[in-house]
1. In nanometres, what is the gap between the two model label sites at R52 and H20, each 7 Å from Cα along Cα-to-Cβ?
2. Using 0.36 nm times the number of residues separating A29 and A41, minus their current alpha carbon distance, what extension gain do you get?
3. In the range 17-86, what percent of the accessible surface is made up of carbon and sulfur (1.4 Å probe, ligands and nucleic acids excluded)?
Amino acid sequence: MRNLASPRARWRSGNAMAAHDGLPPPLRAWATQAALPWSAASLRKLWHRALRETGCPDAALARLSAAERATLRREAAQVWGLDYPQ
């Protein structure tokens, strides 16, 4: 029986595999090597913004990698403390 008190999460709606398959090939390849479980919607948004600002797919991918590194740094500090990995 479904818990009626909690609404279904938005991120569960739709077909995640179809959304991933709809990403541009360079972005889809980057996502397969990503350390974090990015949603296709998040990747598409970041990709379009980076392409608009840089005009270069390679530079856009570099921005995605930088965003992922920053997220990992921030989350590591929250999970393991500011001294991690020392």
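The values are calculated or read from the model by the stated rules, or taken from the named source; none is laboratory data. Remember, predicted model here, so these are calculated numbers, not experimental data. Quick reminder, even Gly has a Cβ in these numbers, built from the backbone with ideal geometry, and neighbours come from all protein chains shown. Just the protein is used for accessible areas: all its heavy atoms, side chains included, with ligands, DNA and RNA removed. Shrake-Rupley method; radii C 1.70, N 1.55, O 1.52, S 1.80 Å.
1. Simple spin-label model gives 2.7 nm for this pair.
2. Working: separation 12, 0.36 × 12 = 4.32 nm, distance 1.54 nm.
Here the answer is 2.8 nm.
3. Values: 2750 of 4850 Å².
Ligands and nucleic acids excluded, carbon and sulfur reach 57 percent.
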